[in-house]
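J.: Below is the structure I would like to discuss, written out as structure tokens.
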Amino acid sequence: MAGVTVGLVVVGTVVPIAAALNLVAAVPLGLLAHRYRVRTLFTATVAAALVTFVVAGLVPAFATLSMATIGGIVGIVKRRGGGLPAVFGLSVLAGLAWSATSVGVLLVFSRTRELLFVTIRNTSEGVQRIIDKQPRLHGLSHTIGSITDLVLHWWWLYVLGGVLVGMIATAMFSWFALGSVLDRLTWLPGRDQLDAPPDDRPVAPLPVTLTRASFRYPGARTDALSEIDITISVGEFVAVVGHNGSGKSTLTRLLAGRPPTGGAVDRPGSAGLGLLGGTALVLQRPESQTLGVQVADDVVWGLPPELAERVDVESLLGEVGLDGMGTTETATLSGGQQQRLAVAAALARRPALLIADEATSMIDPDGRRDLVALLTRLPRRHPMAVVLVTHHEADAAAADRVIHLSGGRQVDRLPAWPRPARNRRRSRMGEPLLELRGVRHTYNRGTPWAATALHGVDLTVRRGEALLIVGGNGSGKSTLAWIMAGLIAPSEGRCELRDFGGARPVAKRIGAVALAFQHSRLQLQRQTVAAEIEDWGGQGTGSAAVGKALDAVGLDRAVASRSIEELSGGQAKRVVLAAIVASRPQVVVLDEPLAGLDPQGRAEVVELLARLRDSGLTLIVISHDVEDMSAVCDRTVHLRSGSIPETATQPAPAPAPTLARLDLQRPDATGGHQ
Amino acid sequence: MSTMVLLREVPVPSPVHRLWAGTKMVAVFLLNLVVMLLPSWPVLGMVVAFLIVIGLVARLPLGTLPRLPWPFWALMFGAGLLNIPAGGAAVLHYVLTIMFGLIMVVTSFLIAWTTPMGEIAPALAKLGAPLRLLRVPVDEWAVVVALTLRGLPLLLDEMRILRAARRLRPKDGLVQRATDNPLVDILTAAMAVSTRRAGELGEAITARGGTGQLTAYPSSPGRRDAIALIIVAAICLAAVVVTFVR
């Protein structure tokens, strides 16, 4: 079921946007047709057409349908191993069918047709009259007139031909585009790792006992988890602590109902994932596990209707600290709020076992504290057990019991990673390089959705300086990062970069200030690591430069030939840094460089930044990890609700009162993937 | 930089906002149909007047209207100038055509401006209920529509970041730009990102035990909706009468 949904969503989300670029619209549906059954394609097509209707109206909805035909043809031919001739033949057929339909539609809506044709004729006549003023061009004007008449007289023939040619061209393009898309996606995990075989025993997940339980993924050469012995009973709050790759997510999956490949998992009934009284999960990424459009919708999303009626949404929201926010749009919540909402959705199922799988890793310290406190309270208030899986040892402090995992085995304690030592700078700072004066920014100015993200920021960064800007969710930090990189021109004030030619606005020199987004994967757009770094380096970047850049970030040179999709999250982050090194910028802005990394990864990135700073690069780090980052930074400033009090030349104005709803709008929707 | 606001409700209370989502979709469909069947001055005038009234009743501020980039207006104005030598009637006809296009777009925007996106999918499921007798998987469609509407803002965000990441790269010479295909690159990256995202959504759905309820406050059509539909039907009827009975 989930597998099908997965495919549906891919296309459903992509098509309405892509429909604007008609040429590419068929590719997403082609991918779907290639991977899943025809029924999936059909469902996705219907959904895409309906959404297009809501977004843009009737005519684009029809365009979506025709693109789906092409996508289906290309995808299915590719799956069956057919070639270009097959695609050509089928697209001619589909083209004929759709062009006949278009002619039919124009026949039915004859008045609209007349309206358009008369306009075309008038415009053509106007052009002719203008041309006629030059007697020498009389022939040209006559030609235009006769062509117009010809086309309008035989309009159905031209519509037929035009649509046909368009469809065939789209099919050809999609064929090649889909080929390269599929090449890249071979590395993507396509399976739903939570999908467990059906278990028809009554739901009763607790107490659960793992006896020498091991797990090996299909096709893997080693066990992801070996010989685990634990018991979890009602009323317990258990923490599982381990670094990346220690097998903690695998343990989550065993607890959630996937059978082990070795040893035994005993529970009185079935795990009942997501069922009433069963097991509930809170996952890592806040925004992708929020399924409802409004907060209250998300709480009951997926429940059977008769059960949903009995859920007391308000009191659940009150329990997780979101009282009275039932009609708020989920997209406007902060990461921490979304995670607490996920807990409320889990509680709506009255679970016996609640597992939070790295639920704290993507949110800021305040959000993390609130979430852990909430999870700690639950076993005391409800007959249930809570398992918190994390790589922050600090999160586990409140737990009744802590299980440490390392390399897939249970250990007594984890090897301690030294906190990055305060690293003194060796080179001197230079003259002011980047200057922000009175920078204000309002998104969607003049519309009902206007949201002010920055209220006058003054900041001077010197050459070679490492500056830490501390800001929580919704402080406007992503907006500030985009402005400093020149991607957004601020609505007021200026942001200038000084060099030999004097000071010029950054927005006119995009690329001089490099920006590492929090979500590194979105920045990697080429097939392989080497191609990626070469692309950033610009012309003349050879394999030697690529090797050097990889050395600079401490990655093995062998990584260069790997596919982008093969990289782990930490590796992707380093590749972005390597690419930035290769592009030789003057200033680097890093947005949350430590998000989602385990202690080892953090220590390594901090050390790497110290090296970059010592090589003379100007660094601006925007983060909420004060403790780790301040080790490398010369100066720390705080960004609070859109201004920096330390450097402000004039007191920040009181924020103008707006509708409560608009205040909640997350202004840094631009890059904030907390 | 101009950002299009897509699929956001204008957060004001109004009678139009309180209508059932299905009513609004049917109304927009009917209006689109009438405009396409009978694009004449009286009909378009009537529809425009109706849309303005709706806008007032829904308390939509003027700023809600999307601001199109100036080249669009320039192009439109330029094409209008070309019609001047063909005579006054031609210009008027041109204006009618443009109005026709704008009406088609603005009517569908009205749904998004006055409806929380969460209500769309359940309304579609209810509208499609008769199809269930023909064993059409209406509920499955509704779930996918709901997820699509939920995923769209996330996707738009990611597209913005993809585009920004692209702009940050050095611009190459013409030769190199011709040999590689940025469109395919971006497309591939977008597909990879959405596949990952979809995988996560899939896991989230599994974690909730599959699909089911879509909204916390199910709404259904009431008397208000009947009145609204009668008004729309009256306008459609009036359009037909105006066109054929002279």
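J.: Identify all residues within the range A:148-157 that are exposed (fewer than 15 other Cβ atoms within 10 Å of the Cβ) and either over 30 Å from A:PHE88 (Cα atoms) or in contact with a Leu (Cβ under 9 Å, 6 or more places away or on another chain) (or both); write none if there are none. Give the derivation first.
T.: Let us first name the residues in the range A:148-157 that are exposed (fewer than 15 other Cβ atoms within 10 Å of the Cβ), namely A:149-150, A:153-154, A:157.
Residue satisfying the conditions is A:ASP149 alone.
J.: For the range B:119-140, check the following and say yes or no: at least one residue is out of contact with any helix residue (DSSP H, G or I) (no Cβ under 6 Å at 6 or more places or on another chain), surrounded by fewer than 21 Cβ atoms within 10 Å (Cβ to Cβ), assigned by TED's automatic domain parsing to the domain that holds B:GLY210 and β-branched (Val, Ile, Thr).
T.: Yes, the range B:119-140 contains at least one residue that is out of contact with any helix residue (DSSP H, G or I) (no Cβ under 6 Å at 6 or more places or on another chain), surrounded by fewer than 21 Cβ atoms within 10 Å (Cβ to Cβ), assigned by TED's automatic domain parsing to the domain that holds B:GLY210 and β-branched (Val, Ile, Thr).
J.: Given the conditions (1) more than 7 Å from every other protein chain (Cβ to nearest Cβ); (2) farther than 22 Å from B:ILE111 by Cα; (3) part of a loop (DSSP other than H, G, I, E, B), which single one is not true for B:SER220?
T.: The number of the failed condition is (2).
J.: Still on this structure, please answer the following. Quick one: is B:ALA58 closer than 30 Å to A:ALA331 by Cα and more than 7 Å from every other protein chain (Cβ to nearest Cβ)? Please lay out each step first, then the result.
T.: Details: closer than 30 Å to A:ALA331 by Cα: yes; more than 7 Å from every other protein chain (Cβ to nearest Cβ): yes.
It is true that B:ALA58 is closer than 30 Å to A:ALA331 by Cα and more than 7 Å from every other protein chain (Cβ to nearest Cβ).
J.: For B:SER40, which of the numbered conditions (1) without any contact (Cβ under 8 Å) to a residue 60 or more places away in the chain; (2) farther than 27 Å from B:ALA121 by Cα; (3) small (Gly, Ala, Ser) fails to hold?
T.: (1)
J.: Can you go through B:GLY87, B:GLY101 and tell me which one is at positive phi and surrounded by fewer than 17 Cβ atoms within 10 Å (Cβ to Cβ)? Let's see the steps before the verdict.
T.: Values: B:GLY101 fails: at positive phi.
So the residue among B:GLY87, B:GLY101 that is at positive phi and surrounded by fewer than 17 Cβ atoms within 10 Å (Cβ to Cβ) is B:GLY87.
J.: Let me ask something else about it. Within the range A:496-531, how many residues turn out to be among the charged types (D, E, K, R) and either in a loop (DSSP other than H, G, I, E, B) or at the interface with chain B (Cβ under 8 Å from one of its Cβ atoms) (or both)? Walk me through it before giving the result.
T.: Taking the range A:496-531 and keeping what is among the charged types (D, E, K, R), we get A:496, A:498-499, A:504, A:508-509, A:521, A:526.
Within this subset, residues satisfying the condition of being either in a loop (DSSP other than H, G, I, E, B) or at the interface with chain B (Cβ under 8 Å from one of its Cβ atoms) (or both) are A:509, A:521, A:526.
Residues flagged as among the charged types (D, E, K, R) and either in a loop (DSSP other than H, G, I, E, B) or at the interface with chain B (Cβ under 8 Å from one of its Cβ atoms) (or both) within the range A:496-531 amount to 3.
J.: Filter the range A:281-299 down to the residues that are part of a strand (DSSP E or B) and either without any contact (Cβ under 8 Å) to a residue 12 or more places away in the chain or facing chain B (nearest Cβ under 7 Å) (or both) and list them by number.
T.: Our first condition is that a residue be part of a strand (DSSP E or B); within the range A:281-299, this holds for A:281-282, A:294.
Once the filter is applied, which keeps residues that are part of a strand (DSSP E or B) and either without any contact (Cβ under 8 Å) to a residue 12 or more places away in the chain or facing chain B (nearest Cβ under 7 Å) (or both), the range A:281-299 yields A:LEU281, A:GLN294.
Table: residues versus (1) in contact with a Gly (Cβ under 8 Å, 6 or more places away or on another chain); (2) more than 14 Å from chain B (Cβ to nearest Cβ); (3) touching a residue at least 60 places away in the same chain (Cβ under 8 Å).
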| residue | (1), (2), (3) |
| --- | --- |
| A:TRP449 | no, no, yes |
| A:GLY456 | yes, yes, yes |
| A:LEU459 | no, yes, yes |
| A:LYS477 | yes, yes, yes |
| A:ALA481 | yes, no, yes |
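J.: Being surrounded by fewer than 19 Cβ atoms within 10 Å (Cβ to Cβ), of a type in the set (Ser, Thr, Tyr) and more than 11 Å from chain B (Cβ to nearest Cβ) is the filter here; which residues of the range A:311-334 pass it?
T.: A:SER315 - this is the single residue of the range A:311-334 that is surrounded by fewer than 19 Cβ atoms within 10 Å (Cβ to Cβ), of a type in the set (Ser, Thr, Tyr) and more than 11 Å from chain B (Cβ to nearest Cβ).
J.: Touching a residue at least 24 places away in the same chain (Cβ under 8 Å) and closer than 30 Å to B:SER219 by Cβ: which single residue out of B:VAL35, B:VAL53, B:VAL105 fits that description? Working first, answer last.
T.: Details: B:VAL53 fails: touching a residue at least 24 places away in the same chain (Cβ under 8 Å); B:VAL105 fails: touching a residue at least 24 places away in the same chain (Cβ under 8 Å).
When all the criteria are applied, what remains is B:VAL35.
J.: When only residues in the range B:1-35 that are modelled with pLDDT under 75 and within 7 Å of chain A (Cβ to nearest Cβ) count, which is surrounded by the most Cβ atoms within 10 Å (Cβ to Cβ)?
T.: Per the criteria, the residue is B:LEU7.
J.: Next question, about the same structure. Among the residues of the range B:49-75, which ones are surrounded by 15 or more Cβ atoms within 10 Å (Cβ to Cβ) and either at pLDDT 85 or above or not in a helix (DSSP H, G or I) (or both)?
T.: Matches in the range B:49-75: B:PHE50, B:LEU51, B:ILE54, B:GLY55, B:ALA58, B:ARG59, B:LEU60.
J.: Can I ask one more? Could you check how many residues of the range A:131-185 are more than 14 Å from every other protein chain (Cβ to nearest Cβ) and not in a helix (DSSP H, G or I)?
T.: Looking only at that region, the number is 1.
J.: Restricting the search to the range A:322-334, which residues are touching an Asp or Glu at 6+ places or on another chain (Cβ under 7 Å) and part of a helix (DSSP H, G or I)?
T.: From the range A:322-334, those touching an Asp or Glu at 6+ places or on another chain (Cβ under 7 Å) are A:326, A:330; that's our starting set.
Once the filter is applied, which keeps residues that are touching an Asp or Glu at 6+ places or on another chain (Cβ under 7 Å) and part of a helix (DSSP H, G or I), the range A:322-334 yields only A:THR330.
J.: Tell me, yes or no, whether the range A:507-525 has at least one residue that is within 27 Å of A:SER180 (Cα to Cα), touching a residue at least 24 places away in the same chain (Cβ under 8 Å) and of a type in the set (Val, Ile, Thr).
T.: Checking the range A:507-525: not a single residue is within 27 Å of A:SER180 (Cα to Cα), touching a residue at least 24 places away in the same chain (Cβ under 8 Å) and of a type in the set (Val, Ile, Thr).
J.: Of the numbered conditions (1) buried (at least 18 other Cβ atoms within 10 Å of the Cβ); (2) among the charged types (D, E, K, R); (3) modelled with pLDDT under 85, A:GLU125 satisfies every one except a single condition; which is it?
T.: (3)
J.: So A:LYS548 passes all but one of these: (1) modelled with pLDDT of 80 or more; (2) buried (at least 22 other Cβ atoms within 10 Å of the Cβ). Which condition number does it fail?
T.: Only one criterion in (1) modelled with pLDDT of 80 or more; (2) buried (at least 22 other Cβ atoms within 10 Å of the Cβ) is unmet by A:LYS548, namely (2).
J.: Of all the strands (runs of 3 or more DSSP E) wholly in the range A:365-414, which have at least 2 residues that are under 27 Å from the mean Cα position of the chain (by Cα) and assigned by TED's automatic domain parsing to the domain that holds A:LEU354? Give the derivation first.
T.: Values: elements: A:385-390, A:401-406, A:409-411.
Fully inside the range A:365-414 and qualifying: A:385-390.
J.: Using beta carbons and a limit of 7 Å, which pairs, at least six apart or on different chains, have the first residue in the range A:640-652 and farther than 15 Å from A:GLY493 by Cα and the second one at pLDDT 75 or above and among the small types (Gly, Ala, Ser)?
T.: A:ARG640/A:SER475; A:SER641/A:SER475
J.: Applying the selection to the range A:114-130, what residues are in contact (Cβ under 8 Å) with a residue 24 or more places away in the chain and either within 17 Å of B:MET99 (Cα to Cα) or at the interface with chain B (Cβ under 7 Å from one of its Cβ atoms) (or both)?
T.: Residues of the range A:114-130 in contact (Cβ under 8 Å) with a residue 24 or more places away in the chain: A:117, A:120-121, A:124.
Listed by number, the residues that qualify are A:PHE117, A:ILE120.
The values are calculated or read from the model by the stated rules, or taken from the named source; none is laboratory data. Predicted model only: the values in this text are computed from it and were never measured. Cβ: placed from backbone, ideal geometry, glycine included. Neighbour counts: every protein chain shown.
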